[in-house]
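K.L.:
I have a structure here, written as structure tokens, and I will follow up with some questions on it.
The values are calculated or read from the model by the stated rules, or taken from the named source; none is laboratory data. None of the values given here were measured: they were computed from a predicted structure. With ideal geometry, Cβ positions are generated from the backbone for all residues, glycine too; neighbour counts draw on all protein chains shown.
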Amino acid sequence: MTYEEARTLMQGRLSGVHLELDRMRNLLEELGHPEEGGQYIHIAGTNGKGSIAAYITGALTEAGFRVGTYTSPVVYEYGEQYRINNRMISREAYTSLAEEIGAALQRMEQKGLDAPSNFELETALGLLWYRQQNCDWVVLECGMGGRTDATNTIPAPRLAVFASISMDHMGYLGESLGEIAGVKAGIIKPGCTAVTAEQPQEVMEALQAECERCHVPLRVGRTSAAELLSSRFDGVRIRYRGRILESPLAGVCQVENMVAAWEALHVLQEQGVPLTDETIAAGMRKADWKGRFSAVCEKPLFIVDGAHNARAAQILRESMDLYFPERRKIFIMGVFADKEYEEVIRMTAPAADRIFAIATPENGRALPAEELAEAIRPFNPRVTACASPAEAVERAFAAAGEDDVILSFGSLSNIGEITELVRGRERNCP
């Protein structure tokens, strides 16, 4: 099997959302249950999962552990969702694992079992790789939800960690914040410890209820107790529980992400895992999580971000106001039609001098650029619909002065293409 054939196989026969775990469990059965025996840190939430995963991975790696990390979606390069100590899976390893999965799929078909989706196949491949590579820890990010997410086929994790939970995927997870939190709380299992950032009351009630049902302790990272020492575009520095913590990641949301990760790592420390405060702090300083409020060009400053829901848009607006209060801003926006894009527009569009609207790559869910421009116009009339991301990038650079800021956001699916377009035309891009 070639790498290209492996990629085709892993696309699966089914797409869409399947809110059951039967297909995933059948696949793992055929693979010999690669999920069993691992030490897991399972992370759910709406915004901030990837940053928390990066901090925890950094600290455990710094402590000398072999750490597998599974994140989604792919932003820059296929394969980046599978990492061990922050090194991506090789094409050779991926192809070999895909062959094993292909054989398992044939056996499932012979038994008349339903074929898994792309995300289920990818999750299974990750679990198989981490077991074969003898990882000490696996940091596992939920895809969309929690209780019925393909990643929730693992046994009880050591930690169930919750990033900020807000309204998103309402058609699948629930129409209220409490309902959504209840679905995400489903990663809590007897025997684990739950850790969360500070959350709205509805969310805390849902998490506490699940913890009580499973007889699991809940540790809360108190963002309000963190002292912000500095917040610059090149990182954040805080004092929390008497310790100075530094992050290379930008954005006002990083304070709560750092606090949640610190508490999670301290739970492990209290459980006897050899982690010192110095090791934790050093690992967090090395966190690597590109594509979230990240600069891809310096003059003009060009930032890519995945803000695609109301909470993420609020964070983006606060970060813009903090870092660039006086600078002229030009936006490139592309959104999915099934997202609450009206709220994203309402929170961000008034801050822009010019906006260039694009469609997202996935045509089935994409909101056409013209429709997006019409939705933006009541909030900012200086909007133009573009036929492609390439056109939007060219127009944005033409409109921007050297001291202006260009921000591209609305969906994680645009980040890779936009970044390549920018780096392909500008010498000032890292």
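Listed here are the residues, each with its yes/no results for (1) outside any helix (DSSP H, G or I); (2) closer than 15 Å to residue 307 by Cβ.
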position: 317; (1), (2): no, yes
position: 348; (1), (2): no, yes
position: 387; (1), (2): yes, no
position: 406; (1), (2): yes, yes
position: 416; (1), (2): no, no
position: 419; (1), (2): no, no
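K.L.:
Does residue 308 satisfy the condition of being closer than 21 Å to residue 243 by Cα and in contact with a strand residue (DSSP E or B) (Cβ under 9 Å, 6 or more places away or on another chain)? Explain how you work it out, then say what you get.
P.N.:
Details: closer than 21 Å to residue 243 by Cα: no; in contact with a strand residue (DSSP E or B) (Cβ under 9 Å, 6 or more places away or on another chain): yes.
No, not satisfied.
K.L.:
Then there's this: Quick check on my filter: what residues within the range 269-292 are closer than 13 Å to residue 247 by Cα and not charged (D, E, K, R)?
P.N.:
Once the filter is applied, which keeps residues that are closer than 13 Å to residue 247 by Cα and not charged (D, E, K, R), the range 269-292 yields 280, 281, 282, 283, 284, 287, 289.
K.L.:
Pick from the range 255-296 the residues that are polar (S, T, N, Q) and touching a Ser or Thr at 6+ places or on another chain (Cβ under 9 Å): which of them is modelled with the lowest pLDDT? So that I can check it myself, show each step before the final result.
P.N.:
Filtering the range 255-296 for residues polar (S, T, N, Q) gives 257, 269, 271, 276, 279, 294.
Keeping just the survivors that are touching a Ser or Thr at 6+ places or on another chain (Cβ under 9 Å) gives 257, 269, 271, 294.
Working: 257: 95, 269: 97, 271: 97, 294: 85.
Here the answer is 294.
K.L.:
Given the condition in contact with a Leu (Cβ under 7 Å, 6 or more places away or on another chain) and over 20 Å from residue 77 (Cβ atoms), answer yes or no: does some residue in the range 390-404 qualify?
P.N.:
Initially, the range 390-404 is screened for residues in contact with a Leu (Cβ under 7 Å, 6 or more places away or on another chain), giving 390, 393.
Filter once more, so that each one left must be over 20 Å from residue 77 (Cβ atoms): none.
No: zero hits.
K.L.:
Further, regarding this structure: List the strands (runs of 3 or more DSSP E) that sit entirely inside the range 196-269 and contain at least 1 residues that are assigned by TED's automatic domain parsing to the domain that holds residue 50, free of Cβ contacts under 8 Å to residues at least 60 places away in the same chain and of a type in the set (Phe, Trp, Tyr).
P.N.:
Numbers: elements: 218-221, 227-232, 235-240, 243-247.
Passing ranges, in order: 235-240.
K.L.:
Next up: Look at residue 409 and say whether it is within 22 Å of the chain's Cα centre (by Cα), aromatic (Phe, Trp, Tyr) and crowded, with 18+ Cβ neighbours inside 10 Å. Walk me through it before giving the result.
P.N.:
Numbers: within 22 Å of the chain's Cα centre (by Cα): yes; aromatic (Phe, Trp, Tyr): yes; crowded, with 18+ Cβ neighbours inside 10 Å: yes.
When the stated conditions are applied, residue 409 passes them.
K.L.:
Another one. If I ask for residues that are more than 21 Å from the chain's Cα centre (by Cα) and surrounded by fewer than 22 Cβ atoms within 10 Å (Cβ to Cβ), which ones from the range 305-342 would you list? Even if it seems obvious, please write down each step before you answer.
P.N.:
At the first step, the residues of the range 305-342 found to be more than 21 Å from the chain's Cα centre (by Cα) are 321-331, 342.
Answer for the range 305-342, where residues must be more than 21 Å from the chain's Cα centre (by Cα) and surrounded by fewer than 22 Cβ atoms within 10 Å (Cβ to Cβ): 321, 322, 323, 324, 325, 326, 327, 328, 329, 342.
K.L.:
Among residues belonging to the range 356-371 that are touching a helix residue (DSSP H, G or I) at 6+ places or on another chain (Cβ under 7 Å) and not hydroxyl-bearing (Ser, Thr, Tyr), point out the one that is surrounded by the fewest Cβ atoms within 10 Å (Cβ to Cβ). Explain how you work it out, then say what you get.
P.N.:
Our first condition is that a residue be touching a helix residue (DSSP H, G or I) at 6+ places or on another chain (Cβ under 7 Å); within the range 356-371, this holds for 356-362, 367.
Then drop every residue that is not not hydroxyl-bearing (Ser, Thr, Tyr), which leaves 356-359, 361-362, 367.
Working: 356: 27, 357: 27, 358: 30, 359: 24, 361: 14, 362: 10, 367: 23.
The selected residue is 362.
K.L.:
Could you run through the range 389-402 and say how many residues are in contact with a Phe, Trp or Tyr (Cβ under 9 Å, 6 or more places away or on another chain) and assigned to a loop (DSSP other than H, G, I, E, B)? Explain how you work it out, then say what you get.
P.N.:
First, pick out the residues of the range 389-402 that are in contact with a Phe, Trp or Tyr (Cβ under 9 Å, 6 or more places away or on another chain): 391-393, 395-397, 399-400.
Narrowing the set further to residues that are assigned to a loop (DSSP other than H, G, I, E, B) leaves 400.
Summing the residues that are in contact with a Phe, Trp or Tyr (Cβ under 9 Å, 6 or more places away or on another chain) and assigned to a loop (DSSP other than H, G, I, E, B) in the range 389-402 gives 1.
K.L.:
Let me ask something additional. Condition first: closer than 22 Å to residue 164 by Cα and acidic (Asp, Glu). Now tell me which residues in the range 307-347 satisfy that.
P.N.:
Once the filter is applied, which keeps residues that are closer than 22 Å to residue 164 by Cα and acidic (Asp, Glu), the range 307-347 yields 318, 321, 338, 340, 342, 343.
K.L.:
Do we have any residue at all in the range 130-140 that's among the aromatic types (Phe, Trp, Tyr), in contact (Cβ under 8 Å) with a residue 40 or more places away in the chain, crowded, with 19+ Cβ neighbours inside 10 Å and more than 14 Å from residue 44 (Cβ to Cβ)? Step through it out loud before you land on a result.
P.N.:
Pass one, the range 130-140, residues among the aromatic types (Phe, Trp, Tyr): 130, 137.
Within this subset, residues satisfying the condition of being in contact (Cβ under 8 Å) with a residue 40 or more places away in the chain are 130, 137.
If we keep only those that are crowded, with 19+ Cβ neighbours inside 10 Å as well, we get 130, 137.
Now restrict to residues that are more than 14 Å from residue 44 (Cβ to Cβ): 130, 137.
Yes - at least one qualifying residue is present in the range 130-140.
K.L.:
Restricting to the range 270-306, give me the number of residues that are farther than 19 Å from residue 162 by Cα, part of a loop (DSSP other than H, G, I, E, B) and in contact with a Phe, Trp or Tyr (Cβ under 6 Å, 6 or more places away or on another chain).
P.N.:
1
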